[in-house]
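Below you'll find the structure, written out as structure tokens, and then a few comments.
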Amino acid sequence: MFLRLVADSFARRPRRKLLTAAALSLGMAVVTAAFSVSLDVGDRLAREFRSLGANLVVTPEADSLPLEIGGVDYRPVNVGAYLPETDLPKVKTVFWHNNIMAFAPVLELQARALPLPASQWIESVSVVGTWADHAVPLPDGGTFHTGIAKTNPWWQIEGAWFTDNARECVIGAALARKNNLKIGDLISLATGATTRIPSPLKVTGIFSSGGPEDEAVVVPLSVAQELAHEPGQYRKLYVSALTKPEDDFGRRDPATMNREDLERWICTPYISAIAYSLKETLPGTDVRVIRRVAEGEGVILKRVQALLWLVTLAALLAAALAVGASSAASVIERRSEIALMKALGAGSGTVGFLLATEQLLLAFIGGGLGYALGTLLARAVGQKIFGAAPEASLLVLAVVLVLAACVTLLGSALPLRRAARYEPAPILRGE
Amino acid sequence: MAGQISQNRQMFWRITRRMLGAHRGRLFVVLLALGAGAAVTAALLNLRIDARRRLTSEFRAFGPNVLVLPKNVSATNGETLPEAIAKAVPAEASNGHVSKVAVLYVVASISTTRPGKSISAVIAGTSPLAFLRIVGSVKGEHPSVPSATGRECVVGENAAHQLSSEKNPELELDKAELTLTSGARRETCEVASFRQLGGPEDDRIEIGLRAAQRLADLPGRISVLELIVPGTPSEIQTYIANLQRTLPDAEVRPVRQFTEGEAKIYTKISGLLTVTVAVVLLLTSLCVMAAMTNVAMERKNDVGLMKAIGGATRRVVRLFLAEAAVLGLAGGLLGAAAGILLSIWLGKQVFGVAAEPRFIVYPVAVVLTVLVAILSAFPLRRLASVRPASVFRGEA
């Protein structure tokens, strides 16, 4: 009988039920969309922040003090310590290897350059040796492509990057303009006293960084090592890693932590935790966090996340109130029906239970529809803004269904309580 | 005729008033739904406008984003700029205050009072010195008043490690006196704080600009002027272009790592906010509309009665639209006010500074609410087909 009453109520007034369900599913769609986007935005934005480039720098531990002004190290080549290039594949074996987006070793030196066909030596040109697009072998047999183009994405290149290990180079825009160099030209680099012109490099591209590198020649790491007479060595390693903004716990010194805390700290991708595991993996290095990048990133990530949570909260509140109002209206309107049931001997409890069941049924239908609609919207938003859709999460579905049930029940609870006090007779008389 | 019209109008408003007053519970429910919609609209619009400005100021956490350099600077020539150039840089950008820091780099040899320890390092003479505090974490006490004499200095972490033989150089070097020598010129300074930024700053020692100028024997000269320009990426571009025109003898250059990264991130965040807010507003208004229609549908009896006593369908519909408009106005006025207050509080929670209420938001939210209310009363037009007799018999 109970089920029949419920089924009857749906069949008899499909339009009314449809409207309530529509209000519910729209409200829940808002919640789902805002919720999914908020959950996802941290990861997506962290990825976007990698356009700021490296956030970690690795230097030799026993290094002498760099004399760097405007991005140029004035130390002579024979001063200071170096790191072995053979250790580099280990970077992708650290605990947080999936969070390492890119890395590039750098070896800088001062050299003399001779554009060919030869006219005159250009004295003291900065030469930066690095990887452009280097395939690093991984322990699992695959390769990882990385290089300066990924750690410094703001470098704009006209033409193409050099091929690693080839006798090619790219030159800074300012240097190219001053010396009238074009793509396809040949240039020779030399250090110290030379008796003959070394074999030239082919210019494959002209890049502009907006920084002091615009005056430099960027060559494959192997070429720079040869010029510096330091085979297999590099001086600085830039690492770009996906991180979680540091909180108070993240800023603690790992040396002061107990075992459990240390484990928890290492298992969170804080920038300092990644730096710690890099240092463990690469012996004899000093891993520093580039604070300018890391902290600015942390602050903005936190703000945006908080902002989106607030939008979610506001959406939730509005949806809840509107849906509550809708279900309240649907109960108020059925006063005469309630009165009839009571006149036929139903207790307030039975009536309330019947109506609550109806509302819950509606909540699940509306909530489910809303979840589907909201997920679609969140996908569209994610696709449009970040080019990647947030993953549908069951957590969101659970939250939405529970919320829908709570909201409809709360919305109908007030009028139901009043309905419990109805005297059937006056209502049935139409008073 | 005129009398009849005014009487009609009186009757019209009287019925509207009665309709509103007749059912308190319903009135409350409707106002709740409309008010909630208005509140969210107002709060989100206000936050959206404010977030733009706040985000661009958050980007300043990255430090200087524009550099003024001498023309033709290269590795060999030690070109410098006159210090007076700082005065030629406008202090106000379109979107706030521009902070300026003048820097002069000198390579000098540094020794502590203990004999034997001496290293070469880059000395950065900066003015004002206290600027460091904005850029990142500065450990230890900071000179509160930037000193013109340059007695204080800030030692980078790496430089400190090189200067000290101890494991924790901060203990040994704090308040220690350093002697800086370049050629025949000497300066002394007292270590006031240490810093670790992860950049080349860690290898340097920072002293007052005047002391650095004496050390380099370059009075009134600077190597670079670092600017922190607030604003959106396009505003910064305009500022740079204007500045380059005012300073033809220098090179004005954006720190592209930050200006470009910021531009990308700003577009993403801004787009994300716009789309999310738009979606939320659209769905919220649809949801409010559905709820309102639900409420309006129960008015069949009223419509039946009005038609039975001779109300033309158009007039009946007009009555209901008037009622909806009044409700929308009331809900909008209350809700939007609540929403603006809400956004002020929310702004405080997110950005630590209360969001400035934009008063344009208020009328926009109210008008939107009235529109939603009127639109949601429109399904009542279907009631034109209501046949009074069948309504009263309790059918349909």
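Values in this text are rule-based calculations from the coordinates and carry no lab data. The structure displayed is predicted, hence computed values, not measured ones. Every residue, glycine as well, gets a Cβ built from its backbone with ideal geometry; the counts of neighbours run over all protein chains shown.
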For this session: Give the cysteines in the protein assembly as shown for which no other Cys Cβ lies under 4.7 Å away, or write none if there are none.
Result: A:Cys169, A:Cys267, A:Cys406, B:Cys287
Problem set entry | Furthest towards positive pole of dipole, A:Leu67, A:Gly27, A:Leu186, structure part the protein assembly as shown, Cβ charges | A:Gly27
Exercise. Along the positive direction of the dipole of the protein assembly as shown (beta-carbon charges: Lys, Arg +1; Asp, Glu -1; about the Cα centre), which of A:Ala176, A:Phe162, A:Ser348 reaches farthest?
Worked result: A:Ser348
Exercise. Which parts of region A:248-270 would a label at A:Asn98 reach, counting a residue when its backbone N lies under 14 Å from a point 7 Å out along Cα-to-Cβ?
Worked result: A:267-269
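Suppose R0 equals 60 Å. What FRET efficiency, 1/(1 + (r/R0)^6) with r the Cβ-Cβ distance, do B:Leu171 and A:Ala388 give to the nearest 0.05? Please report the intermediate quantities before stating the final value.
Numbers: r = 49 Å, r/R0 = 0.82.
My answer for the efficiency is 0.75.
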For this session: Relative to the longest principal axis of the C-alpha atoms of chain A, give the angle of the C-alpha long axis of helix A:14-48, reported between 0 and 90° and rounded to the nearest 10°.
Result: 20 degrees
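Between A:Ala160 and A:Glu423, what is 0.36 nm times their sequence separation minus the Cα-Cα distance? Round to one decimal in nm. Numbers along the way, then the final one.
Details: separation 263, 0.36 × 263 = 94.68 nm, distance 8.58 nm.
Gain on extension, A:Ala160 to A:Glu423, equals 86.1 nm.
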Problem set entry | ³J(HN,Hα), Karplus 6.51/-1.76/1.60, whole Hz, each residue of region B:263-279, x for Gly, Pro | 4, 4, 5, 4, 4, 5, 5, 4, x, 4, 5, 4, 5, 4, 5, 4, 4
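Are there any trypsin sites (Lys or Arg not before Pro) in region A:230-333 that are in a DSSP loop and have at most 16 other Cβ atoms within 10 Å? List them by number.
Numbers: sites: A:Arg235, A:Lys236, A:Arg251, A:Arg252, A:Arg259, A:Arg264, A:Lys279, A:Arg288, A:Arg291, A:Arg292, A:Lys302, A:Arg303; in loops: A:Arg235, A:Arg251, A:Arg252.
Here the trypsin sites (Lys or Arg not before Pro) that fit, given the DSSP loop and packing criteria, are A:Arg251, A:Arg252.
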Exercise. At a Förster radius of 45 Å, what calculated FRET efficiency corresponds to the Cβ-Cβ distance of A:Gln120 and B:Lys264, to the nearest 0.05?
Worked result: 0.65
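For a footprinting-style exposure proxy, rank A:Glu215, A:Glu263 by other Cβ within 10 Å, fewest first. Intermediate values should be presented prior to the final figure.
Details: A:Glu215 22, A:Glu263 11.
Lowest count first: A:Glu263, A:Glu215.
Starting with the highest mean, order B:81-89, A:38-46 by the number of other Cβ atoms within 10 Å, averaged over the residues of each peptide.
The peptides rank, most packed first, as A:38-46, B:81-89.
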For this session: Read phi for every residue in region B:369-378 and hand back ³J(HN,Hα) as whole Hz from Karplus 6.51 cos²θ - 1.76 cosθ + 1.60, θ = phi - 60°, with x for Gly and Pro.
Result: 5, 4, 4, 4, 5, 5, 4, 6, 7, 5
Exercise. Check A:Glu168: other-chain or 5+ apart residues with amide H under 5 Å from its amide H, H built from backbone geometry?
Worked result: A:Lys202
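How shielded is B:264-273 by partner chains, expressed as the average number of their Cβ atoms within 10 Å of its Cβ atoms? Provide the component values of the computation, followed by the final result.
On the way: counts 6, 10, 1, 2, 10, 10, 1, 4, 14, 5.
Mean partner-chain Cβ count within 10 Å for B:264-273: 6.
Less than 9 Å Cβ to Cβ from A:Asp63, Lys/Arg counted +1 and Asp/Glu -1: what total charge do the surrounding residues give? Don't skip to the answer; put the middle values down first.
Details: positive: A:Arg235; negative: A:Glu61, A:Asp286.
Within the 9 Å Cβ shell, the charges total -1.
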For this session: Take peptide B:196-206, look around each residue's Cβ out to 10 angstrom, count Cβ atoms belonging to other protein chains, and average those counts.
Result: 6
For this session: Quantify how strongly other chains surround peptide B:338-350 by giving the mean number of their Cβ atoms within 10 Å of each of its Cβ atoms.
Result: 2
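Ordered by packing density, taken as the mean number of other Cβ atoms within 10 Å over each peptide's residues, highest first, how do B:319-327, B:156-164 rank? Write out the running numbers ahead of the final one.
Values: B:319-327: 20.0, B:156-164: 22.1.
Packing order, densest peptide first, comes out as B:156-164, B:319-327.
Roughly how big is the protein assembly as shown's charge dipole about its Cα centre, with Cβ charges of +1 (Lys, Arg) and -1 (Asp, Glu), in debye to the nearest 20?
On the way: 87 positive and 71 negative charges, 1156 e Å.
Value, rounded to 20: 5560 debye.
What dipole magnitude, in Debye to the nearest 20, does chain A give about its Cα centre under +1 on Lys/Arg Cβ and -1 on Asp/Glu Cβ? Walk me through the numbers before you get to the answer.
Details: 42 positive and 40 negative charges, 485 e Å.
For chain A, the charge dipole is close to 2320 debye.
Run through the DSSP bridge list for the protein assembly as shown and note the antiparallel percent, rounded to the nearest 5. List each step's numbers first, then the result.
Numbers: 83 of 103 bridges.
Taking every DSSP beta bridge with both residues in the protein assembly as shown, the antiparallel ones total about 80 percent.
Please work out the FRET efficiency for the pair B:Arg24 and A:Leu360, using the Cβ-Cβ distance as r and a Förster radius of 25 Å; give the result to the nearest 0.05. Kindly include the intermediate steps, with their values, before the conclusion.
Numbers: r = 27 Å, r/R0 = 1.10.
That pair, B:Arg24 with A:Leu360, gives E of 0.35.
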Exercise. Which ³J(HN,Hα) values in Hz, rounded to whole numbers, follow from the phi angles of region B:310-317 under the Karplus curve 6.51 cos²θ - 1.76 cosθ + 1.60, where θ = phi - 60° and Gly and Pro get x?
Worked result: x, x, 6, 3, 4, 5, 4, 4
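Provide A:Ile187, A:Ile148, A:Ile271 in ascending order of the number of other Cβ atoms located within 10 Å of each residue's Cβ, fewest first. Write down the numbers at each step before the final one.
Details: A:Ile187 21, A:Ile148 29, A:Ile271 26.
With the fewest neighbours first, A:Ile187, A:Ile148, A:Ile271 line up as A:Ile187, A:Ile271, A:Ile148.
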Seminar exercise, completed: Of B:45-58, A:10-23, ordering from highest average Cβ density within 10 Å down gives B:45-58, A:10-23
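Taking 0.36 nm per intervening residue step and subtracting the Cα-Cα distance, what contour gain separates A:Ala343 from A:Thr191 on full extension?
On the way: separation 152, 0.36 × 152 = 54.72 nm, distance 10.53 nm.
Taking A:Ala343 through A:Thr191 to full extension adds about 44.2 nm, to one decimal.
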